[in-house]
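> Below you'll find the structure I mean.
The values are calculated or read from the model by the stated rules, or taken from the named source; none is laboratory data. Since this is a predicted model, take the numbers as computed values, not measurements. Using ideal geometry, Cβ is built from the backbone for each residue, glycine included, and neighbour counts are taken over all protein chains shown.
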Amino acid sequence: MFHTLTNKRGFTLTELLVAMALSGVVMASIGYLYYTQQKSYLVQENLAAAQQNIRSAMYFMEREIRMAGYDPESKEFAGITIANVAELEFTKDDDGSGGTNFPGDEQIRYALTNDADEDGIADGTPCNIGRETGGAGGLQSIAENIDALNFVYLDSNSKPTADTDEIRTIQVTIVARTGRADQGYTDTKAYYNQQDKVNPILPAQDDHFRRKQLDVTIRLRNPKE
């Protein structure tokens, strides 16, 4: 014997609209969560890349700068030849020849590749940390997206000095920015070196780039006595 279902009631239009609205809210929440997680991942990825960028450059620079003035023959030829806030040049007698004509990697200069006024602040993009050897060939980039490069020179009493013969320690500060802007972020921070907390080496840029700063203090192994 067959029974006929007599309850033919379905969803009303109002119920359908409510269900669709709730589904829309849930989907929008899921989409927003995915967007924020993806944005956070990209921010962290860009910051990590900037950090690795300057860490690699600083490791390279620290290793070379520490050997500034290396003079195994005690000829007093090698030493620091330029010691400015935005530029460092030095020589070292790696081959022990005791000669004054330093070739290749025995004469090294560091400066920004785009810093016309030589204040240690990028004058535009691109701007990188540049390394020149042998006094020729121009600056070759060793780190990209650099906004500031700053050198501070200290004597044996850890006091700032402009006398290249008195330099015993060099403090290096690098400020790098991410390769991409973050439109939801504004960098209002000023950046300072280890010695001066009043005059920034990079004033607040008020732009949408995130930045990383790295400082290192390098004690020279072969200063002039």
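> Among the residues of region 132-144, what is the count of those that are touching a residue at least 40 places away in the same chain (Cβ under 8 Å) and either aliphatic (A, V, I, L, M) or buried (at least 21 other Cβ atoms within 10 Å of the Cβ) (or both)?
2
> Additional query: Identify, from the list D182, D165, D94, the residue that is charged (D, E, K, R), in contact (Cβ under 8 Å) with a residue 40 or more places away in the chain and assigned to a loop (DSSP other than H, G, I, E, B).
Result: D182 is the single residue among D182, D165, D94 that is charged (D, E, K, R), in contact (Cβ under 8 Å) with a residue 40 or more places away in the chain and assigned to a loop (DSSP other than H, G, I, E, B).
> Kindly evaluate M1 against the criterion of being aliphatic (A, V, I, L, M) and modelled with pLDDT under 60.
Details: aliphatic (A, V, I, L, M): yes; modelled with pLDDT under 60: yes.
Yes: the conditions hold for M1.
> Considering only residues of region 176-200 that are among the aliphatic types (A, V, I, L, M) and more than 18 Å from E144 (Cα to Cα), which is farthest from the chain's Cα centre (by Cα)?
From region 176-200, those among the aliphatic types (A, V, I, L, M) are 176, 181, 190, 198; that's our starting set.
Still in the list and also more than 18 Å from E144 (Cα to Cα): 190, 198.
Values: A190: 14, V198: 21 Å.
It comes out as V198.
> For region 6-17, indicate whether the set of residues that are farther than 24 Å from G184 by Cα, of a type in the set (D, E) and at pLDDT below 85 is non-empty. Show your work before the answer.
Just the residues of region 6-17 that are farther than 24 Å from G184 by Cα, to begin with: 6-17.
From what is left, the residues that are of a type in the set (D, E) are 15.
Cutting the leftovers down to at pLDDT below 85 gives us 15.
So far as region 6-17 goes, yes, one or more of its residues are farther than 24 Å from G184 by Cα, of a type in the set (D, E) and at pLDDT below 85.
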